[in-house]
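Some notes on the structure that comes next.
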Amino acid sequence: ITRDGLARVIDAQFPTSLVSKAIAKDGYVFVVEAVTGKLFNCDLNSIKDWGATSFLTFSEDGTAGVRGMELYKNYVVVFGAKSYEFFENVGNATGSPLQKVKQLSGKVGLANAITGLIQYEDTLVWLGASQNGSTKLYRFNGFQPEIISSSELEVFLNKGGVIFQELSIWSIYGQDFI
């Protein structure tokens, strides 16, 4: 992100309680705070400068906080416990360059922060938390969430003693496994 390959951010406006990884897109770096649900961005082409008004708020209904964030197609997707929201760069001159795309929002959240969300080829795969609280494996089919877990996997995912679930992808003889 910098010419030297490493930068130290010391700006007082940089958020502190981050969840998920930082995402670089269109000359901005985006980070999200877990508790406040604020999606922050640095100034254009400057990872070290963060404006006081350069953020949007994830507005999930009914639950607090953010569990993860990832790029999908040309959008930044932010996941809460029971829903997700898409944001696109509309080039706002002040504040955040992003704007919510309400028609793409959905009611499947992220069951596990960070470890339950991965980008795979041209889609996102995540351990989703449905509105009734059950955990299933989802992916985006276009912009619609699609369940891809088997009933056997869902029994395992929803078993009372399962505390930590992490997604990973590996390939054996040309066959991909999640």
For segment 28-89, what is the convex hull volume of its Cα atoms per residue in Å³? 82 Å³
Using only the Cα atoms of segment 44-178, what semi-axes does the equivalent ellipsoid have when each is the square root of 5 times a gyration tensor eigenvalue? Give whole Å, largest first. 29, 18, 14
Distance check, please: which entries in K38/K107; K82/K102; K25/K100; K48/K136 exceed 27 angstrom between their Cα atoms? K48/K136
Radius ratio Rg over Rh of segment 71-144, counting only Cα atoms, Kirkwood formula for Rh: 1.00
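Taken together, the values in this text are just the output of simple stated rules run on the coordinates, not laboratory data. Quick caveat, the model's predicted, so the values are computed rather than measured.
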